[in-house]
Amino acid sequence: MEMRVKTYRERLGHVLKLSIPAILAQISSIIMQYIDAAMAGSLGAEATAAIGLVASTTWLFGGLCMAAAAGFSVQTAQLIGAGEQEGARRVLRQGLLCTFLFGLALAAVGISISSFLPLWLGGEGDTARNSSRYFFIYACALPAVQLRHLAGNMLQCSGDMRTPSRLNILMCFLDVFFNSLLIFPARQLLISGFAIPIPGVGLGVAGAALGTAVSELITAFLMLYAVCFRSKSLRLEPHGSWRPEGKCLKISFRLGLPIALEHTILCGAQIMGTRIVAPLGTVAVAANSLGVTAESLCYMPGYGIGAAATTLVGQSIGAGEEKLAKDYARLCVLFGMAVMTCTGGLMFLGAPWMFSLLTPDPAIRLLGTRVLRIEAFAEPMFAASIVAAGALRGAGDTLIPSILNLASMWGVRITLSLLLAPRLGLAGVWLAMCVELCVRGVLFLIRLFRGKWLTGRLV
């Protein structure tokens with residue numbers, strides 16, 4: 001990427017060039033959740049509740065995978081911006097080794113807690129048993145999830161947004177295929193009087209997890225092939241050393257640990273939120289789970305733009321262009337807020353339709369639509385926090401955002417949820433979420449526009 005861009009139009013062009021493929025990649029990943037939720041939701045409220053019960057925990061483990069990958073990918077962005085291709089390849093080799101081992105460790109932890117986690121979260125009977133099977137299978141797939149995150153992040157930080165986008169879209173199609181095969185029993189499809197046999201295993205909720213796991217495995221393999229053998233900037237040479245280097249690992253740990261803590265804090269708060277929602281009944285748990293899935297389609301563009309901001313800011317700092325890094329950060333945030341203002345409006349208007357796709361249960365549809373419309377008003381400020389965090393990450397500023405998230409999630413969302421849930425039910429929990437996201441957005445905007453995060457190159 002050419003760093004010395006002079007005009008606003010050129011900078012905006014760079015933002016769009018990197019953002020659009022990243023947005024498509026993020027949307028494709030959330031469509032997978034839609035697929036799981038919709039296919040499992042067709043089995044009834046209990047199946048939906050089983051997946052929703054551990055949704056926050058699966059997000060926690062996925063976030064830890066992302067944090068581990070970020071520690072290496074930010075270094076890669078800055079090294080590529082500085083024109084140090086061999087240094088970037090060295091970081092990639094160490095990232096592959098270290099994150100794979102980390103993925104194995106996460107899998108071991110997930111497998112060990114899978115049997116009692118749903119019970120601890122308030123699940124009972126068949127819901128808890130199905131939820132346990134779902135999480136066990138998900139945990140087994142974590143090494144593949146980890147490597148997919150690392151390879152995708154490395155490609156993005158090298159400026160290649162198209163390959164991860166295409167492969168993540170492919171993952172959606174694979175998820176549809178395998179879910180259709182594994183969730184439902186063998187059946188016949190009638191088209192114009194002709195009966196077409198459709199194979200099926202009939203695993204139910206476990207089939208949704210297994211279908212996603214297989215899709216993750218295939219996509220991880222293709223993503224690794226792309227970054228290790230096809231990438232112009234990062235493809236590995238036979239003579240390269242795989243020996244860990246203290247400096248690289250230290251920087252990765254310094255960058256990744258705050259992000260991991262951030263996700264732990266966020267997911268811990270979400271798990272606490274699940275425990276607050278669980279006593280409200282099966283309908284509330286199912287509506288909350290599907291509401292989170294539906295809302296995520298609206299905020300995923302923000303994460304795509306945030307990924308672009310990480311790349312642009314990281315490469316700019318690597319090239320010694322700190323003013324350009326600041327310009328890119330602010331431009332990306334404004335663009336993200338504009339996009340998510342539009343998606344928030346669409347979510348408000350289309351909430352009934354979105355829930356009609358996710359569940360046939362009218363009670364869940366009604367409650368889900370109500371809470372989704374409450375949260376729609378927070379989307380612009382949610383965008384500010386997401387994209388600003390991506391920009392700050394590109395500069396290596398990961399500690400302060402973690403602190404801001406801690407204060408916002410536990411000081412505002414959980415406190416308000418505990419106060420409002422007994423009085424307003426699930427609507428009170430989502431009202432607390434709306435208020436908290438607005439507060440979080442303000443905090444991140446203050447951090448971004450003060451400019452204290454520009455501290456120069458890390459490597």
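Each reported figure results from applying straightforward, stated rules to the coordinates on display, with no laboratory input. All values reported here derive from a predicted model rather than from experimental measurement. Every residue, glycine as well, gets a Cβ built from its backbone with ideal geometry; the counts of neighbours run over all protein chains shown.
Placing +1 on the Cβ of every Lys and Arg and -1 on the Cβ of every Asp and Glu, with no other charges, gives the chain a dipole of roughly 1060 debye about its Cα centre. Among residues other than residue 441 with Cβ under 14 Å from its Cβ, the summed charge is 0 (Lys and Arg +1, Asp and Glu -1). Near the amide H of residue 198, within less than 5 Å, lie the amide hydrogens of 187, 188, 189, all on another chain or at least 5 residues away, with H placed in the peptide plane. Computed from backbone phi with θ = phi - 60° and the Karplus coefficients 6.51, -1.76 and 1.60, the 3J(HN,Hα) list for the stretch 400-417 is 4, x, 5, 5, 4, 5, 4, 4, 6, 5, 7, x, 10, 5, 5, 4, 5, 4 Hz; x is used for glycine and proline. Ranked by how many other Cβ atoms sit within 10 Å of their own Cβ, fewest first, the residues 326, 232, 17 fall in the order 232, 17, 326.
Across the chain, Cα pairs under 8 Å and at least six residues apart give a relative contact order of 23 percent. Debye-formula intensities of the stretch 130-218, expressed as log10 I(q)/I(0) at q = 0.11, 0.19, 0.20 Å⁻¹, are -0.41, -0.87, -0.92 (one equal scatterer per alpha-carbon, no solvent). Oblate is the label for the stretch 338-446, because a/c, from the alpha-carbon gyration tensor with a ≥ b ≥ c as root eigenvalues, is 1.5 or above and a/b does not exceed b/c. Calculated mean residue ellipticity, 222 nm, the chain: -27000 deg cm²/dmol, from DSSP H runs (n ≥ 4) at -39500 (n - 2.57) each, averaged per residue and rounded to 500.
The relative contact order of the stretch 317-459 comes to 33 percent, based on Cα pairs under 8 Å that sit 6 or more residues apart. Rounded to the nearest 0.05, what FRET efficiency is calculated for residue 170 and residue 442 with R0 set to 35 Å and r the Cβ-Cβ distance? E between residue 170 and residue 442, to the nearest 0.05, is 0.35. Listing 198, 111 from fewest to most neighbouring C-beta atoms within 10 Å gives 198, 111. Cβ-Cβ distance of residue 247 and residue 377, R₀ of 41 Å, FRET efficiency by 1/(1 + (r/R0)^6): the value works out to about 0.35.
The spacing between the stretch 407-447 and the stretch 79-125, judged by their C-alpha centroids, is 29 Å.
Computed over Cα pairs, the Kirkwood radius of the chain leads via Stokes-Einstein (0.890 mPa s, 25 °C) to a diffusion coefficient of 110 µm² per second. The length gained on full extension between residue 196 and residue 407, counted as 0.36 nm times the residue separation minus their Cα-Cα distance, comes to 70.4 nm. If a paramagnetic tag sat 7 Å from the Cα of residue 104 along the Cα-Cβ line, which residues of the stretch 227-263 would have the backbone N under 16 Å from that point? It comes to 243-244, nothing else. List the aspartates and glutamates whose Cα lies under 16 Å from the Cα of residue 232, skipping any in the same chain that are fewer than 8 positions away. Partners found: 2, 84, 86, 160.
Extending 7 Å from the Cα toward the beta-carbon at both residue 415 and residue 353 defines two label points whose distance is 4.0 nm.
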